[in-house]
Each structure stands twice: as C-alpha cells, then as structure tokens.
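Notes for the one structure printed next.
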Amino acid sequence: MIERTNTINRLRVLVVNELLDSTRTIRGRAIRSLVEEIEALDLEVVEALSFADGQVVVENDASLSAVLVDWTADHENAGEARKLLSAIRRRNLRLPVVLMADRAQDHQIEVNDLSQANEFFWLLQDSAPFLAGRVVAAVKRYRDNLLPPFNRALLKYMEVEEYSWAAPGHQGGVAFTKSAPGRVFYDFFGENLFRTDSGIERSPLGSLLDHEGPLGEAETYAAQVFGAHRTYNVLNGTSASNRTIMTAVLRDGSIALCDRNCHKSIEQGLIQSGAIPTFLLPTRNRYGIIGPIPPVEYDSKEIKAKLATHPLKNLFRTESPDYAVVTNCTYDGMCVHAANVQELLAASTDRIHFDEAWFAYARFHPLYENRHAMRGAPADHPSDAPTVFATHSTHKLLAALSQSSFIHVRNGRNPIEHSRFNEAYCAQATTSPLYAMAASNEMGAAMMDGPAGKALLDEVILEAIHFRKALGRAHATFAKNGDWFFEPWNAPIVKDPRSGKEYPFTEAPDELLATEPSCWTLKPEEEWHGFKGLPEDWCLLDPVKPGILSPGMNMDGRMAAKGVPAAVVSSYLEARGIIPSRTTDFMILPLFSIGVTKGKWGSLVNALLNFKEDYDANLRLEHVLPKLVDADPGVYGPMGLRDLGEKMFSHMKENRIDRWQAEAFASLPRPDLAPREAYFQLQEGAADLLPLAEAAGRTAGVGLIPYPPGIPIVMPGENLGEADGPWISYLLALEESGRSFPGFEKVVEGAEIRDGKYNVWCLR
C-alpha cells in the first residue's frame, strides 16, 4: 500500500480571552466550556490571553477559520480590542469574527464594533454546545466560499478518487512508487501534486484553450481583481504572454514601437510576427542602471521623424505604428507614470502593451497610483482610448508557481475580438496544462483580492524600508570615521509634502516613506539617481527593489581611486547561501516580495558587515571563497579577499568597461534586415559563427544580450559596427574580463564561448 505523504491541517479557531486560564469565575468556566466543545467538534483552538497576543496570531497565522474575541464592556483594554478587530479586517473581510460578552452589557456595545463582527455570543445565556455549533457552522460557510473558482473546483474534483485511463502516464503518482528514484521523487513532492496533475479530458475543471468551465471562471475572477475587461491565464511564462499579444496584433511589415530596455521575448515576438521595430531609447546612469524612457521619445513628432529616416522604411506596410510596448516597472525598480505614457502614445498608436512582468502588485497599493496599466475601474476606460494590454508574472513578486502569468486587456479603440486573439493565445499555449500552475496563478490573484492585497504589500514595503534604513545607518556609522561601507540606492533626503519638513532618509518616519510617493519620485537632475532629462513625477523608484551600492563610482560618473567590485561581494554572499537577484558592476539587487522576512534581510545586513570585516582583514580566499580557489588555484591560490577586489577594480578601470557599456547602450546599431528575415537566414544556414575580431561590419543573426543588465545591445538583423565601435568594444571588454577572472565571466546570451572568446552568428 502507498502511504499518503502529505496531510491537510485541522481547521483552526482563535479564542482571545484573558480568562482562558481561570475556572474560578462563572465567566472563566463558560469560556473554557466553549473551548472544549469546539475541540470536541474536531476544530483546533488557538488560545490567546491578551489582545496583543491575539493580534500577533492574526498577523502571522493565515490558516485561521474564525476568531472569537472577548468583548466584555468593563475591560480596560477597549482600544487594544479594537486594534485587534482592525488587524483582522485589514487582512480578511470574510473571516468569521464572534464577539463574546455578558448579557448585561449589551447596551454598551457600539455599532462600529458590531459592524466588524459576524456574530455576538452571550456566554451566560446560551449553552456551550449550541455556541460551538454556531462556530462550526460559521467556519463551514467561510471555508465553502474561501477559495476562488478553479481552486474550489480542483479540490472538489480531488474528492472523486477516479480511476483514469488517460494521460498523464504516472497516474496520480502511482508510477513513481514503482522504482526507487521515483519513490524519492513522489515522497518529496507529495501525493496531492500528482493527483491534481490530470489530462485535458477532465471536463469538471474546464478548458484552458476554450476558456470555459472553472478555468474560464478563474479568468473572469482574475479580471475583476486586476481591473481588466478580460484576462487570460498563461502557464508558460510572461515570455509567452508577450509573444501572444505581439502575434495577435502584428504581421509582416507592421510598425512596432519598442522599448529598447526589453525582454528577449519581445525580440521573439518581432521574429514570429514579422514586425519592424522602431526603438524608444531609455536613459542610463553612471551605475549602468537602465532608467525610464524620457517623454520626448514618446512624442508623436519624434516618432514620425524616426519613421521617416528608418533604414527599413521600404518594408513598412502602414504609415503609423500598429503597436507599442513599454517595460514597466524595470528590473531595477524604475516605474514610469503610465497614465502619461499612455496619453502620449495614444497620438501614435491604437494598441499599447505594458510589460509589467515585475510589477503585478502595483494595482493593490496607492503608492503606485497612475504608474501601472490597469488603472481605476475597467468601465472608466474611454472607448476612444487605445486598447491596453498588461502582462504580469504572478510568480515573480506575487505568490504563484514559476511560469505562471496573466494577460490583461482593456478594450478601447481598435480592439481585438476574443476569438481572433485566442488563435494567437492557443499558438503559444500548451494542450497539456499542469493544473497546479493554474491553481497557483489564480491564488496569486486571490491573495491580492480585497484588503488583503494592500495589507500584504504594506508589510513588504515596510520590510524594504527597514532594510534600506538599516543599511543607511550602517553606512553613516562607518562614514563618520572616514571608512567605507555599502549604502542603499535611494534619495538621501526626503520631504513631507504636508508639513514641508525634510528628513535624512534614515530618520524619516516609516509611515511617510510607506505612503508618500513623492519620497520615491526621481526629482529632475538630482545627483543621487543620475538620470538626465526627466521631468517632475515622471519616474518613481520602487521601494521593494532596494539596490545596494558598492563603493567605487563617483557622482561625476568617473571611477574612484578605490572601489569594491559588486561581483566579489555577490560571490561572497552566494558562498554563504545568500543569493541576490542580480549583480552589476557597483550594485547588488535583492528583491523584496511577500515571502521576505526580517530574519532574511537581517541576515543579508549581517553578511555585508562580515564581508567588510573579512575584506579589510584581507582574509585568504581559500577560507572565504574556497570553491573559487579550487576551480583555479593558479589564479586565486595566493590571494586574499581584498587582493581580489583591488585587482578586479584596477582591471575595470584599465579596460574601461564602464565607458564601453555606456556607449553600447547609449546608441542603436543600424538595422540591415528585419528581425524575422535575419532569423530565417540564420536557420537556413546562411551565417558564419565568427569571433568578435572578425565580426566588424557584419549583420547579427541573433540578439546579443549581456547579463547583467539583461537587455539587448544588438538585435537580430542589426549591424555589429566597426571593430573599434561601441558594441564590439563592449563585448571584447567583457570577454577580456572573463579571461582575467575565471569564475566571474559575464553571460552574453546569443554568443558562444570558444577558447575563451565570444563567437557570434553573422549573416553572410
């Protein structure tokens, strides 16, 4: 017999009453009797002897199915009791809340208190078994309506315990139990995952491709939560979501306005659709951070001028753009004013796509007002406004399984009828969906529904603020003694717009930082951010993406006399089990999500302090980075940690990698062919794999994307330029750096490394 490898927890009820431990009074005996009767009905009771303890439970235990609160009018902690009620309702409007008191005190219960509760118990008037039954009934009603449509259908389907004669072949996981490695796999993931992994024949679960049944209901539900006219459930990532939109609205010769700070899926969408890109060039600062596109790039006159001089304009099938795509917010936290961007682009195109893969949470917190695609109510979207698309990776900073994504649509002028759009959707989708992914995608929406979304984001934003402050205070402490340390990348001074008072960031009230967008907007020409040409309120730095600056870059954009390469810091952190999201030359980026805790970011601060101590002591690499030494003892064996940092920093200055990076991203290569034509020639074999030294003047058959920053410097069909030009020079600088410091090589997607050199497919 196969034993179950995962369990379902008992339903939990929180009881908050200071008399739970006292049976000397009639009220104490009454509450104890009620607890015992609830437990006899197979509910687990969590006991709290104070309102403060109860609030801690409420804020940290989302499994509660009901809360019973002492509401005796003569207690001295009425304010604490109301705080508890507020804490419950900030997170969950539907959780059953029962107030408990003596019959004699009912006239003192206020209407506002009763409005936050579902029921009132008179402990001395009704029997404990009766009241316990009322609790169970409330819990059942709550649990029956707790889950969103598809999750509810999936759990109901699991109760059928069917014998299936269709795919998948593991048959609910049974196949895995018939071999030793399979049994390890089965036990690790648990039975429920495999029981829910069913074939597409299961009509009770609906159809992913036809958008019917519970899967269709899940999309309707997600559209309501995210403020869309229609939402599509995508199970192979936002890459597929982006390609779906592009292939639905574009064809050979269509003009596509594209943010150059784009994901590779935009390149793929251009190839699949045959569209001709016209790029909108973003800003860039001294740290190599790709910033927002300035307003002038969106101006219709500027766009017309670009189209008039486009090298491939003979391929245009129309005179104006068919579509525009903008990355918002960026990986580094640059959030544009989406309402203004939409208004500007509306003069040039009928269809606007906001790639918000890293920004799915924006709708649910007022800090991001007007900075995301699905703003306000869908009914308020004017019919003469552009049709707007948003793509969200619910798995990135919301809570869903990897590859889970949504496409949201607001129909305006020139909309795409659903059945036509669905043809593009089906071309990117799978006919064998993993239902656990669909369930997690819907759950990502459910967790944001109602007040819970804002409450969760409040916590994330506050944690990020506390981390930034802790890092800033540590930096200030060392700076007083003329010493170095890391610092957070944000405005050093913030202003309360209501009082006009200015604060150093580390001393600003948490409430101000967590609620006032102006504390995070990039003011024109401020030194700390270093972006040029941005008007007031155009861009906001997302507080949950706290960049950690490593010393080495001056405010004037020149490298300092001394510095600590962020790559060395990141390697040190990874050796201690701390994995940053991304590392550039002078910045380490951790991403704060719902899953981040104080302990997690506290450990990061501790690790940075430990790094400084070990770096200043020049601790030998064999002790701090043993794997690096083991991989290449001839290079790193005799070195200390500071030796490595200083040698790498000197190398960065000598090969001028910062200069070449700046030039490579500051201008655009000349397009020789449309991306689609370049791709076809590559696949036909009309291309040569060449080292960079032989690639000058050739047309790239593939896109070249250095990581970081992870955006293209050359797209398929673009010319690589002269041998001493910015694109080849930048790639050669990366190549030479990788040879000098094995283990720190930069990935350049699209290039193949052979004998330590980048080789690129060039068209003949």
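Observations on the structure shown:
- Label zone at SER667, where the point sits 7 Å out along the Cα-to-Cβ direction: region 713-739 residues whose backbone N lies under 11 Å: 721-722, 725-727
- Distance (nanometres) between label positions extended 7 Å along Cα→Cβ at GLU507 and GLU527: 1.9
- Using the average count of surrounding beta-carbon atoms within 10 Å as a protection proxy, the listed peptides 699-708, 420-429 rank, highest first, as 699-708, 420-429.
- Solvent-accessible area per residue in region 660-764 equals 40 Å², computed with a 1.4 angstrom probe and all protein chains kept.
- Remark on PHE121: its backbone amide H falls under 5 Å from those of LEU99, MET100, ALA101, a criterion applied only to residues 5 or more positions apart or on other chains, H modelled at 1.01 Å from N.
- Given (1) 121, 62, 48; (2) 90, 67, 63; (3) 93, 87, 50, the label whose value is Cα extents along the principal axes in Å derived from this model: (2)
- Net length gained if the chain between GLU59 and SER86 were fully extended (0.36 nm per residue, minus Cα distance): 8.6 nm
- Between ASN145 and ASP299, the contour length at 0.36 nm per residue exceeds the Cα-Cα span by 50.6 nm.
- With all protein chains in place and a 1.4 Å probe, the accessible surface of the chain carries 51 percent carbon and sulfur.
- The helix-based estimate of mean residue ellipticity at 222 nm for the chain, built from -39,500 (n - 2.57) per DSSP H run of four or more residues and divided by its residue count, is -11500 deg cm²/dmol to the nearest 500.
- Contour excess over end-to-end distance, with Cα ends at ALA377 and GLU654 and 0.36 nm allotted per residue: 94.3 nm
- Lysine pairs in region 512-620 with Cα atoms under 20 Å, if 8 or more residues apart or on separate chains: 6
- When only Cα pairs below 8 angstrom with a gap of at least 6 residues are kept, the chain shows a relative contact order of 10 percent.
- In nm, spacing of pseudo-spin labels at ARG576 and LYS156 (7 Å Cα→C-beta vector): 5.2
- Of the residues MET555, MET447, MET374, the one with the largest accessible area comes first in the ranking MET555, MET447, MET374, computed with a 1.4 Å probe on protein heavy atoms.
- Once both labels are positioned 7 Å from their Cα atoms along Cα-to-Cβ, the gap between SER115 and ARG739 label points is 7.4 nm.
- Heavy-atom accessible surface of region 474-600, averaged per residue, reaches 45 Å², computed with a 1.4 Å probe.
- Rolling a 1.4 angstrom probe over the protein heavy atoms with all chains in place gives region 153-215 an accessible area of 60 Å² per residue.
- With the highest mean first, a sort of the peptides 249-260, 302-313 on other beta-carbon atoms found within 10 angstrom per residue produces 249-260, 302-313.
The values are calculated or read from the model by the stated rules, or taken from the named source; none is laboratory data. Bear in mind that the values here come from a model prediction, so they are computed numbers and not experimental data. Neighbour counts run over all protein chains shown; Cβ positions are idealised from the backbone, glycine included. Just the protein is used for accessible areas: all its heavy atoms, side chains included, with ligands, DNA and RNA removed. Shrake-Rupley method; radii C 1.70, N 1.55, O 1.52, S 1.80 Å.
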